[in-house]
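A.B. asks: The structure under discussion is supplied below as structure tokens; questions concerning it will follow.
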Amino acid sequence: MTTSYNLKMLRVNLTEKSIKTEILDEALAKKFIGGRGLGTKILYDEGVAKVDPLSPANKLVFINGPLTGCNVPTGGRYMVVTKSPLTGMIASSNSGGVWGARLKYAGYDAVIVEGKADAPVYLSIHDDKVELLPAGDLWGKESTVVEEILKEKHGKDASVLNIGPAGEQLFELACIMNEADRAAGRSGVGAVMGSKMLKAIVCASTRTVIEPFDKEKLREVVTESLRKIRENGVTGQGLPTYGTAVLVNIVNNIGSFPTRNWQESYFADADKTSGETLKEKYLVKQGYCHRCPIGCGRVINLNGKTVGGPEYEPIWAYGANCGVEDLEAINEANYWCNELGLDAIGAPTTIAAAMELYQKGYLKDEDCDGVPLVWGSAKAIVEWTKHMGYGDNKLGRLMASGSYRLCDHYGVPEFSMSVKKQEMPAYDARGIQGIGITYATSNRGGCHVRGYMISPEVLGLPEPLNRLATEGKATWTKIFQDLTAVIDSSGMCLFTSFALGAPDYAGLLNAATGTNYDVEGVLKVGERIYNIERLFNKEAGMVAGDDTLPKRILNEPIPSGPSKGEVSKLNITLPQYYEVRGWVDAFPTEATLKRLDLL
Amino acid sequence: MIEIRLFATLRENRGKILFFEPENFRDADSILHELNIPASDVAILLINGMHSQPRDSVKDGDVIALFPPVGGG
């Protein structure tokens, strides 16, 4: 029977220098869909939850979804799943570009990397020809330099995924880059790759098509999905025209735009850093991932060079959160994140934490290598990004371990605006109650894309919710988290969910793989995925109190602006959330596990 | 005065920030009418940072922010 799964995985052991092809069990794949879900299941079953994240015992899974490479809108995404050195819990970082599709066309649903090489290597995949090759000459080089060298060697159609100097030095904020400016950004997945001395994976393929289970049906549901995406105001107009940074002015105008390391939540100069300004001053053209009809990516002019531009998150993190209004400096700092392989949320939010340490006297001028960490310093955000990525001074190396370790080093971990040691993104949970539940309960730590409650609470999609209310938010968060787990596991982009809903994703998966999901069924798979992640975390040592928010969010009211006086009401919403999840003290009950076929 | 902040495509041919005398406007809809913006083009209407409807009343000192359909993450 034809299916969009390849039903084939690569297992590469770097210690033994062995490469094996394994059969992927189809029933298991369908139970967890693929990507984030299946990757977590594989690691959980192989006992990875208990290992040291930077030891050879950790495993790194690069995994597609069943829709990756298919002729479906945004069907080109892959996930990197591993145990995070940043959080000590599950890491699953999603990326676009074309690398995931290239792996699928080459014939594999996943690559599982184990062990540790004794010298730098890279993995070359070209259909059935898979080999480990020396990478000593690539070690120390920046992302686009590595990509250029490997494309020269393996052909311009080859896709390159790699780590920069940050990953080589095992920094907890290291990410994995592909296609120059696409990133599996969060949770330190680049450090795990560096710990294995794996510099890059090059992927090339002869095949360019994936045959689905039901070609006619897939064409029908794709046509309908495309129509919805094109006719939707967000995916058809807003994102293509302004990119994600159009959010700058919206979130600032509701007074929930964290400013100067969340000490305030309204930035008077926000418009100077907005998507509108980015378009007016720097935009060259839109950027597209594989089979994307949206094109939210920004290709910009940076001092005469055409490069990938910043998303909303780094614009906020380098901008308002560091008190910086200079968009050109933000563009440059973001460029260095990509070149050096740093998480473009974690790195700038850690700079913001360092600025608060400097403001309050914990960091002195003599610590700052001639570039004081003062609020609003355009020079500081660029230079300290480089110090973090290259690890060329003591403070830069400490900062590259993330804001929690940095602030803890100075005895004030409460200055780290993180959950489970991962920095929270660009929405103040004091002024948007539902996103606080998402942050607190995210299995990978502080994160907005594990249940994007901004959609109903700020954008009014699919229906408007009062952002300051708590009623019903637990249930909404659970549904968003479960649906997101489905999308992340399918190989599609989360941004399609502005236009599509559970029935659309179920229809696409059914046509591609031969499953028979209805809405309830597909959401149950999402719930299963959320719960297997939680089981992984439990085995990794997570405790109930880890589902929380920084004290500043719980206890310090927003001091000014449209959300003045607000704090997070997590004390009300978290028990409600556990109840709708069927969890007690942060973990699933036996009845819940049985219901989800996890026992 | 009532401060009107326009964003994204709503800025085209209108500008970024406008100020209106309050006595001429009783609700947000009357301001949209003055600006020649169909209500259907406005996805997010904020009055003093709170999500609001065109029928909601406005008064001296209010800040009104208008956005077309936009999103991100």
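Only the coordinates and a few stated rules stand behind these numbers; no lab work does. On a predicted model such as this, the values are computed, not experimentally measured, just so you know. Quick reminder, even Gly has a Cβ in these numbers, built from the backbone with ideal geometry, and neighbours come from all protein chains shown.
A.B. asks: Taking just the alpha-carbon atoms of the stretch A:479-599, what radius of gyration and Dmax come out, in angstrom?
C.D. replies: When restricted to the Cα atoms of the stretch A:479-599, Rg and Dmax are 17.5, 54 Å.
A.B. asks: Another one. Can you give the % of DSSP beta bridges in chain A that are antiparallel, to the nearest 5?
C.D. replies: 80
A.B. asks: Got a sec to turn the phi values of the stretch A:496-501 into Karplus ³J(HN,Hα) couplings, 6.51 cos²θ - 1.76 cosθ + 1.60 with θ = phi - 60°, whole Hz, x for Gly and Pro?
C.D. replies: Result, rounded to whole Hz: 5, 6, 5, 10, 10, x.
A.B. asks: Would you please report the Å³ per residue occupied by the convex hull of the alpha carbon atoms in chain A?
C.D. replies: Roughly 129 Å³ of hull volume per residue.
A.B. asks: Lysines near A:K564 by alpha-carbon distance under 24 Å, same-chain residues fewer than 8 away left out - which ones?
C.D. replies: Of all the lysines, those that pass the test against A:K564 - Cα under 24 Å, at least 8 places apart if same chain - are A:K272, A:K360, A:K473, A:K551, B:K59.
A.B. asks: Still on this structure: Across the stretch A:76-82, in residue order, what do the Karplus-derived ³J(HN,Hα) couplings come to in whole Hz, using 6.51 cos²θ - 1.76 cosθ + 1.60 with θ = phi - 60° and x for Gly and Pro?
C.D. replies: Values per residue, Gly and Pro as x: x, 9, 9, 10, 10, 10, 6 Hz.
A.B. asks: Another question about this same structure. What FRET efficiency would be calculated for the residue pair A:V51, A:K394, taking the C-beta separation as r and a Förster radius of 30 Å, to the nearest 0.05?
C.D. replies: The value I calculate is 0.55.
A.B. asks: Return the distance in nm (one decimal) between the two label points of a simple spin-label model at B:E21 and A:R219, each offset 7 Å from Cα along Cα→Cβ.
C.D. replies: About 6.4 nm, to one decimal.
A.B. asks: How big is Rg to Rh over the stretch B:2-67, alpha-carbon atoms, Rh as the Kirkwood inverse-mean-distance radius?
C.D. replies: 0.90
A.B. asks: Would you mind pulling out the separation of the Cα centroids of the stretch A:210-288 and the stretch B:1-70, in Å?
C.D. replies: Centre-to-centre (Cα) distance: 22 Å.
A.B. asks: Moving on to the next point. Cut-off under 13 Å on the C-alpha distance; same-chain residues fewer than 8 positions from A:K569 excluded. Which aspartates and glutamates are left, in chain and number order?
C.D. replies: A:D428, A:E471, A:E556
A.B. asks: Would you give the gap between the C-alpha center of the stretch A:351-409 and the C-alpha center of the stretch A:18-73, rounded to a whole Å?
C.D. replies: The two parts, judged by their Cα centres, are 36 Å apart.
A.B. asks: For A:E590, A:E457, which order do you get if you count the other beta carbons within 10 Å of each Cβ and list the fewest first?
C.D. replies: The order, fewest Cβ neighbours first, is A:E590, A:E457.
A.B. asks: If Lys and Arg each add +1 and Asp and Glu each add -1, what is the summed charge of the other residues whose beta carbon sits under 12 Å from the beta carbon of A:K285?
C.D. replies: So the environment of A:K285 carries a net charge of +2.
A.B. asks: Right, another one. Hey, can you grab everything whose amide H is under 5 Å from the amide H of A:R182? Only 5+ residues off in sequence or another chain; H modelled, so Pro and N-termini drop out.
C.D. replies: Those lying under 5 Å, H to H, from A:R182: there are none.
A.B. asks: Please list 3J(HN,Hα) in residue order for the stretch A:191-203, calculated via the Karplus relation 6.51 cos²θ - 1.76 cosθ + 1.60 where θ = phi - 60°; whole Hz, with x for glycine and proline.
C.D. replies: After applying 6.51 cos²θ - 1.76 cosθ + 1.60, I find 5, 5, 5, x, 5, 8, 6, 9, 7, 7, 10, 9, 10 Hz.
A.B. asks: Moving on to the next point. Provide the net charge surrounding A:S124, with neighbours chosen by a C-beta distance below 13 Å and charges set as Lys +1, Arg +1, Asp -1, Glu -1.
C.D. replies: Cβ neighbours under 13 Å give a net charge of +2.
A.B. asks: Please list, or write none, the lysines whose alpha carbon is within less than 29 Å of the alpha carbon of A:K279, excluding same-chain residues fewer than 8 places away.
C.D. replies: The reachable lysines, counting only those whose Cα sits under 29 Å from A:K279, are A:K228, A:K305, A:K379, A:K386, B:K16.
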